[in-house]
Structure formats: C-alpha cells, structure tokens
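Here the structure comes first, spelled out in structure tokens, and everything after it is commentary.
Where a number appears in this text, it was derived from the coordinates with a stated rule and is not lab data. Keep in mind that what you see is a predicted model, and the values were worked out from it rather than measured. Methodologically, a virtual Cβ is constructed for each residue, glycine included, from the backbone with ideal geometry; neighbour enumeration extends over all protein chains shown.
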Amino acid sequence: INGNKISLVENGNRTQIAAAQADEEALERALEEAAAAAAAAAFNKNIGSWDTSNVTNMSSTFNKIEGDGYTYTGELKDGKQNGQGTETFADGYTYKGEFKDGIRSGQGTEAFADGYTYKGEFKDGIRSGQGTEAFANGYSYTGEFKDGIRSGQGTENFANGYSYTGEFKDGIRSG
C-alpha cells in the first residue's frame, strides 16, 4: 500500500486500484478482492495453442506459440496434455500432475514464486476434493475444496501453533 493507491504485479502486468481517502478497512477489502482476482486470472489463464512440429514420442517438450515463458513437458494424446505432465510459466508458477484432454484433472501440485503451494485433487481444471495449501508464512489448510474454494471439513494450522478444525463454507469457517 502506497499512500492512497494499492498496486499488484501479476505476470508482468501492472494492475492499480485507486483508493482515494479510503479508510483502512476499505483498503484491506480492495486488496483482498484484487489479490483474489489476480489469483483466479493466473489459475484460469488460457495457455493458447501448441507447436507440435517437434513431436517425436508421447513425452516431449512444447513451447507456447503466442508469448514466451510457457513450457509443458509430459504425456500427450491427440495433441493435448493427457496423463502426467509439468507446466512452467515465466512468472515462476508451476503445475505438476495429471491432465485429461488438456485440462488439469486428478492429483497435482501447484507452486507459486512467493512460496505458496497447493497439493491435491483437481477436477475440470479446478481444485476439487481433498487438498493442502501452504503459505510461506507457516499457515496451512488441509481439507475439502469445491469449485476451487474451501468447502467442507478442514483444518487450519497457524505458525504460532494455533489450529482450527471444523466446517468451511464458501472459503469461510462455518461452525
């Protein structure tokens, strides 16, 4: 937070939110909404089309045709990611896990440059089922996810030793 302006940098693009004369609570909400939007955009980004001219077998490396910095290494079927593979993006984000018809599906691990990780189940490209997310500050959550959001039974562990086990609904403790 710099004066009355909040700035996020995501994938080299600068997003700014003007918060003129806003109180601290409004600034916090704006920052949370912007961070959530940036995370969703990074998670749901369209990775484009593929140059398949160098295919020699079912396990090859491909580069994104449009833009630099994206690499996929892994199994293919009919020109799509299928089976085990690893995606690496220029911003330091990686995904290693299962794909079905070009979409993350099954067990996988995401790692972000800031130290945040998620390890667990994906369905149709979205976190769904059991998983664990861990933050660089020592905080972690292990439990159920639905449509990419904490939902169901889960446990939060904090760096100071405090923990909470219970129900979550729409990403918030519920019970």
The extension gain from Lys80 to Asp124, computed as 0.36 nm times the residue separation minus the Cα-Cα distance, is 14.4 nm
In nm, to one decimal, how far is the modelled label at Ile149 from the one at Arg173, with both set 7 Å along Cα→Cβ? 1.9 nm
Principal semi-axes in Å for the stretch 66-151 [√(5λ), Cα gyration tensor, largest first]: 23, 17, 9
Anisotropy class of the stretch 117-175 from Cα gyration tensor, a/c 1.5 cut: oblate
Over the stretch 69-175, what relative contact order in percent results from Cα pairs under 8 Å that are six or more residues apart? 13 percent
Cβ crowding within 10 Å averaged over residues, with 155-164, 102-111 ranked highest first: 102-111, 155-164
